[in-house]
Amino acid sequence: MITYRDIHKSFDLPVLSGVDMMVETGEMFALFGPSGTGKSVLLKTTIGLMIPDRGDVEIDGLSVYEGGPSALLEVRRKVGYVFQHSALFDSLTVLDNVAMGLPEEVLQRLSTIEKVRRVWEALDIVNLEPKEVLAKIPSELSGGMKKRVGIARAIVGRPEILLWDEPTTGLDPVNTAAVERLIKRLSKELEVTSLLVTHDVEGGLDICDRVAMLDGGTLRFCGTPVEFRACPDPVVQAFVDRAAAEAALDMVTDTYV
Amino acid sequence: MTLPLPAPIVRWLAAVGRVARITAEHAGELGLLSWRIMVAIAQLKVSRHDISTQLYIMGVQSLPIVFVTASLAGIVTSQQGGYQLISSSPQYILGTLVVQSVILELAPLLTAIVLVGRIGARITAELGTMVVSEQIDAFESLGRDPVAILAAPRLIAGVITMPLLVGFADVIGIVAGMIAANIDVGMGTETFIYGARLFWHSWDLVYGLSKSVVFGFAIPLIAVHMGLRTRGGAEGVGLTTTQAVMFMILTILILDAMFPPLLLQ
Ligand SMILES: Nc1ncnc2c1ncn2[C@@H]1O[C@H](COP(=O)(O)OP(=O)(O)OP(=O)(O)O)[C@@H](O)[C@H]1O
Ligand SMILES: [Mg+2]
């Protein structure tokens, strides 16, 4: 379970001003919001990649900001993070990139064969052909492949929680659908808790148990997809309508163009 | 509350305050970064493989440019010295002049400036790119310490490489100066060496090499620090890289000016 308590964060301007949010264990939770509202910032505060000015995050009873370095390390072990722009290490091969997802002392213990086996398995899960990509470096991969290597790196260490920062943005429809199916499958098969930040509102509403909308520094809405669609708040409505229109437009372009 | 001060003075005070704040911020962050690097080294968390890669990049790959810089420095000192000293002093003084200039000042300073361009800028751009593409975040999210992985090997390699390169530059600069003296004013090797030995202090060599160790620490430290501060895309990387180069050159010049009062009494 992830609990955000009164998270505040400003840069030149305030970005988050008092976010309270709770993601239950085993749940798939989607976070929506217009561009630049601080979704990535909130996700980063979850594991101390950005330190909030005020507030705390608690993960399964561990305080990220008051538990000291050992709690932070334990939290990072539990959590897999899929970055918005893949964030692969560009000097390492796909094999070494994915292997970095294993804890340091595990990696030192593993034989090369065992290491390759673990990486192979993770690449298989994200539908990449291990034989083809293992020895490549990130600049030799397409955007969609990079995203999937990034996902493999996040899951290879068998996290209990996965944080997804826009895993489908910039992907073509086929890959988008594939990644969405993958998120759902991982959540079911590996029984992980997923917190998904996405612009693909329709996709998010389809696959998630609960959704929230971040706007103006706080949560504007938090509830089930059905409640979200029926929410009378005009800002939420505008967001739902625009998302629906975009989805319809996508379908039209897919069919006729 | 309004201050009973004219606007230009208020603005001036604000600017002074801003500069003081930024200076304190950099100093604090540099101190913290050095501390974290020391801790990583003490905990033996630095990969030997990464250190040797950096030694190769900083050391071996810098040899050609250091060779060119040092030879030209030796030649120019010899020629200009020969021009200034002719008829006013005994010829062998030229040997003293070249050796002392090269060892005390030219080799350490010019090598440092060259390394700012070759190594410092490269480190800042490399780490800056890693920041804006979230690779640094990725290291942290995977429970790795980017300071141990990226900063420490570069700093260790800098501290080892710099004195070696400066030693190399010393030899090249002196030999080039000697050859130039021979060609230019027809001075024999023995006369040149006689002049060099007449005023030789071993301390001078220690002094020059101590400088180089300090420069070898400062360049990667500032480069890493600036790289990790990068914000905002490719433009941000460009901006911090230029800022880092200015910062490194100024620091080198200031440190260089602090050495004589401290160590040459
Ligand atoms: N390191 C930083 N330094 C300064 N400002 C930042 C930093 N990171 C984010 N911001 C600012 O915080 C705000 C929120 O950024 P964030 O990346 O969280 O948006 P987002 O909701 O993820 O948007 P998008 O959907 O486009 O990814 C933006 O205005 C951004 O300029
Ligand atoms: Mg974002």
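Residues in the range B:124-146 that are within 14 Å of another protein chain (Cβ to nearest Cβ), surrounded by 23 or more Cβ atoms within 10 Å (Cβ to Cβ) and under 21 Å from the mean Cα position of the chain (by Cα): B:LEU127, B:GLY128. When the range A:72-104 is examined, which residues are found to be in a helix (DSSP H, G or I) and either under 25 Å from A:SER187 (Cβ atoms) or at the interface with chain B (Cβ under 10 Å from one of its Cβ atoms) (or both)? Of everything in the range A:72-104, those that are in a helix (DSSP H, G or I) and either under 25 Å from A:SER187 (Cβ atoms) or at the interface with chain B (Cβ under 10 Å from one of its Cβ atoms) (or both) turn out to be A:LEU72, A:LEU73, A:GLU74, A:VAL75, A:ARG76, A:ARG77, A:LYS78, A:VAL94, A:ASN97, A:VAL98, A:ALA99, A:GLU104. On the basis of being over 30 Å from A:PRO173 (Cβ atoms), out of contact with any Asp or Glu (no Cβ under 8 Å at 6 or more places or on another chain) and either within 16 Å of ligand 2 (Cβ to nearest atom) or away from every other protein chain (no Cβ under 14 Å) (or both), does A:LYS115 make the cut? So A:LYS115 passes the test.
Every condition in (1) within 16 Å of ligand 1 (Cβ to nearest atom); (2) within 30 Å of A:LEU62 (Cβ to Cβ) holds for A:ALA152 except the one numbered (1).
In the set (1) touching a His at 6+ places or on another chain (Cβ under 9 Å); (2) within 14 Å of chain B (Cβ to nearest Cβ), the condition left unmet by A:ASP53 is number (2). Restricting the first member to the range A:37-49 and to residues that are under 14 Å from B:GLU134 (Cα atoms) and more than 10 Å from every other protein chain (Cβ to nearest Cβ), and the second to residues that are near ligand 2 (Cβ under 8 Å from one of its atoms) and in a loop (DSSP other than H, G, I, E, B), the beta-carbon pairs closer than 9 Å and six or more apart or on different chains are A:LEU43/A:GLN84. Residue pairs whose Cβ atoms lie under 9 Å apart, sitting 6 or more positions apart in sequence or on different chains, and linking a residue in the range B:67-94 that is among the aliphatic types (A, V, I, L, M) to a partner that is crowded, with 17+ Cβ neighbours inside 10 Å and assigned to a loop (DSSP other than H, G, I, E, B), are B:LEU85/B:GLN91; B:LEU94/B:MET187.
Residues checked against (1) crowded, with 21+ Cβ neighbours inside 10 Å; (2) within 16 Å of ligand 2 (Cβ to nearest atom); (3) small (Gly, Ala, Ser); (4) within 17 Å of A:ARG153 (Cβ to Cβ):
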position: A:GLY38; (1), (2), (3), (4): yes, yes, yes, no
position: A:LEU42; (1), (2), (3), (4): yes, yes, no, no
position: A:ASP56; (1), (2), (3), (4): no, no, no, no
position: A:GLY61; (1), (2), (3), (4): no, no, yes, no
position: A:ARG76; (1), (2), (3), (4): yes, no, no, yes
position: A:ALA87; (1), (2), (3), (4): yes, yes, yes, yes
position: A:VAL94; (1), (2), (3), (4): yes, no, no, yes
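Can you confirm whether B:LEU155 is away from chain A (no Cβ under 14 Å), surrounded by 24 or more Cβ atoms within 10 Å (Cβ to Cβ), of a type outside the set (S, T, N, Q) and within 19 Å of B:GLN54 (Cα to Cα)? It is true that B:LEU155 is away from chain A (no Cβ under 14 Å), surrounded by 24 or more Cβ atoms within 10 Å (Cβ to Cβ), of a type outside the set (S, T, N, Q) and within 19 Å of B:GLN54 (Cα to Cα).
Does the range A:2-11 contain any residue that is in contact with an Asp or Glu (Cβ under 9 Å, 6 or more places away or on another chain), within 14 Å of ligand 2 (Cβ to nearest atom) and within 23 Å of A:VAL211 (Cβ to Cβ)? Yes, the range A:2-11 contains a residue that is in contact with an Asp or Glu (Cβ under 9 Å, 6 or more places away or on another chain), within 14 Å of ligand 2 (Cβ to nearest atom) and within 23 Å of A:VAL211 (Cβ to Cβ).
Evaluating A:CYS208 against the criteria (1) touching a helix residue (DSSP H, G or I) at 6+ places or on another chain (Cβ under 9 Å); (2) farther than 14 Å from A:PHE29 by Cα leaves one unmet condition, (2).
Yes or no, residue by residue, for (1) touching a His at 6+ places or on another chain (Cβ under 9 Å); (2) modelled with pLDDT under 95; (3) surrounded by fewer than 21 Cβ atoms within 10 Å (Cβ to Cβ):
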residue: B:ILE57; (1), (2), (3): no, no, yes
residue: B:PRO64; (1), (2), (3): no, no, yes
residue: B:ILE75; (1), (2), (3): no, no, yes
residue: B:SER78; (1), (2), (3): no, yes, no
residue: B:LEU85; (1), (2), (3): no, yes, yes
residue: B:SER89; (1), (2), (3): no, yes, yes
residue: B:ALA107; (1), (2), (3): no, no, no
residue: B:VAL114; (1), (2), (3): no, no, yes
residue: B:ARG122; (1), (2), (3): no, no, yes
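The values are calculated or read from the model by the stated rules, or taken from the named source; none is laboratory data. Quick caveat: nothing in here was measured; it's all calculated off a predicted structure. Cβ coordinates were reconstructed from backbone atoms using ideal geometry, including for glycine residues, and neighbour counts include every protein chain displayed.
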